[in-house]
1. Can you report the number of residues in the range 25-34 which are open to solvent by less than 100 Å² (accessible area, probe 1.4 Å) and touching a helix residue (DSSP H, G or I) at 6+ places or on another chain (Cβ under 9 Å)?
2. Mind checking which residues of the range 1-25 are among the basic types (Lys, Arg) and over 28 Å from ASN102 (Cβ atoms)?
3. Filter the helices (runs of 4 or more DSSP H) completely within the range 1-91 down to those with at least 1 residues that are away from ligand 2 (no atom under 16 Å from the Cβ) and free of Cβ contacts under 8 Å to residues at least 60 places away in the same chain.
4. Which residues, taken from the range 1-24, are open to solvent by 90 Å² or more (accessible area, probe 1.4 Å) and more than 17 Å from the chain's Cα centre (by Cα)?
5. Considering only residues that are loosely packed, with under 15 Cβ neighbours inside 10 Å and over 20 Å from CYS96 (Cα atoms), which ones fall in the range 35-54?
Amino acid sequence: MLITKVGCCGRYNTIVTNLDVKADSPLKEELCLYKKNGSCGICVKHCPSGALTLDGYDRHKCYIVLRKNGELYTEFGSSYTDESGDDPNSVGSEVCGKCVVNTPCTFFI
Ligand code: SF4
Ligand code: SF4
């Protein structure tokens, strides 16, 4: 989860470009309420698998949930770029994201 000034509910990609852009500065302010003052923790309460805790994030536990979802939810296509269905990783949507929905940092800070 990466919290920006427009929240954390987003997906990030890499774009390779020769566009002449100016880099801005890393944020200095802590945007997570739990890290800032020990309040909130709603994202942890939303996690159904125990992958997200106040101590950290276990991506292996999270991925088990995603793989199960990928098997169940095939009507929206694969999470990967191969939409043919031949992708060996998954034919379904490997998404969860309950930790980023309906939280104080979902769409703003
Ligand atoms: S919901 Fe957002 S602000 Fe609250 S503890 Fe989780 S990351 Fe921090
Ligand atoms: S995506 Fe789902 S399983 Fe993974 S950390 Fe977030 S709520 Fe937990």
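1. Final tally of qualifying residues: 4.
2. Of everything in the range 1-25, just one residue is among the basic types (Lys, Arg) and over 28 Å from ASN102 (Cβ atoms), namely LYS22.
3. Result: 33-37.
4. The answer is ILE15, VAL16, ASN18, LEU19, ASP20, VAL21, LYS22, ALA23, ASP24.
5. Matches in the range 35-54: LYS35, LYS36, ASN37, GLY38, SER39.
The values are calculated or read from the model by the stated rules, or taken from the named source; none is laboratory data. Computed from a predicted structure; not experimentally measured. Counting neighbours? That spans all protein chains shown, and the Cβs are built from the backbone with ideal geometry, glycine included. Calculation scope for accessible area: heavy atoms of the full protein, side chains included, ligands and nucleic acids excluded. Shrake-Rupley method; radii C 1.70, N 1.55, O 1.52, S 1.80 Å.
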